[in-house]
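Below is one structure, written out as structure tokens, with a few remarks after it.
The values are calculated or read from the model by the stated rules, or taken from the named source; none is laboratory data. Computed from a prediction, not measured in an experiment: that's the story for all the values here. So basically every Cβ, Gly included, is an ideal-geometry build from the backbone, and we count neighbours across all protein chains shown.
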């Protein structure tokens, strides 16, 4: 999809005037040294613009993937090799050296890591995407939110290839998923996508004005938030027993990714009745034996929160986007 920058009004190049893009799309001259784009916080109109530019969104996703693996011998295969190496490291550390006693720990770990990688990769990339594409933002007129959404979309492509790695491990270890509950994967993916899109759009706008945001997000998402999710450890084994005694179980679920990760574990690990066998302690149940409706309600609450966050992010982005060209 070809994009063209709006033409300057006559005399703009010689009189020192600048281009002003009005909400209606008209271009007028303005006797200032900066280029101002009127803020538009009408979420409905901007969602319509994003939909009309869906071809551009697809193009940006493809471009981002090509650029990431440009001049790489393995290319997209790195999206499969990287999680496999990560699994090998975590399995050696927690499965053999620390002896966590979780049967088929590779499957348990990957079932949570699969969703987390999609979320974290999309958020970290989206945060800096507007700044990294400053030249495009200053010269071409298009819905800026598409840049953040393209980052989430490219993370979705990597999610697909990592899911292929997951299937390979499940076949090798003969660990099938819970087939009757396979639909819960989609139930968990929808709120994850909405949550990641809203947070990515919000952080992308804030990062234009406060560049430390991208570094802060890398630290928080890469460390603190990761360990706040039951990915490497078991919720039922490690968290529930300690918090339930003090009536603080709800506190752990303030992390919106917790029910989503646990849904993936219930479907892909599919062994709620399995117990860890850490000697000399007695066996402890790994996953809660909740019915499917409990996971649906948990994911539905995250979806509701994600929709509110997405709406707020669109409003904030609309207010801040007016001065992107000036700040960049």
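Let me spell it out: the conditions are (1) closer than 18 Å to residue 113 by Cβ; (2) surrounded by fewer than 20 Cβ atoms within 10 Å (Cβ to Cβ); (3) over 16 Å from the mean Cα position of the chain (by Cα), and residue 230 meets all of them except one. Which number is the exception?
(2)
Quick check on my filter: what residues within the range 72-111 are at pLDDT 70 or above and in a loop (DSSP other than H, G, I, E, B)?
Selection gives 102, 103, 104.
Name the helices (runs of 4 or more DSSP H) wholly within the range 151-259 that hold at least 2 residues that are under 30 Å from residue 325 (Cα atoms), in contact with a helix residue (DSSP H, G or I) (Cβ under 9 Å, 6 or more places away or on another chain) and in contact (Cβ under 8 Å) with a residue 24 or more places away in the chain?
Answer list for the range 151-259: 183-209, 212-219.
Conditions first: (1) closer than 18 Å to residue 115 by Cα; (2) at pLDDT below 80. Residue 263 passes all but one, so which condition is the exception?
Going through the list (1) closer than 18 Å to residue 115 by Cα; (2) at pLDDT below 80, residue 263 breaks only (2).
For the range 126-146, enumerate the residues that are surrounded by fewer than 23 Cβ atoms within 10 Å (Cβ to Cβ) and closer than 30 Å to residue 84 by Cβ.
Going residue by residue through the range 126-146, those that are surrounded by fewer than 23 Cβ atoms within 10 Å (Cβ to Cβ) are 128, 131-143, 146.
Once the filter is applied, which keeps residues that are surrounded by fewer than 23 Cβ atoms within 10 Å (Cβ to Cβ) and closer than 30 Å to residue 84 by Cβ, the range 126-146 yields 128, 132.
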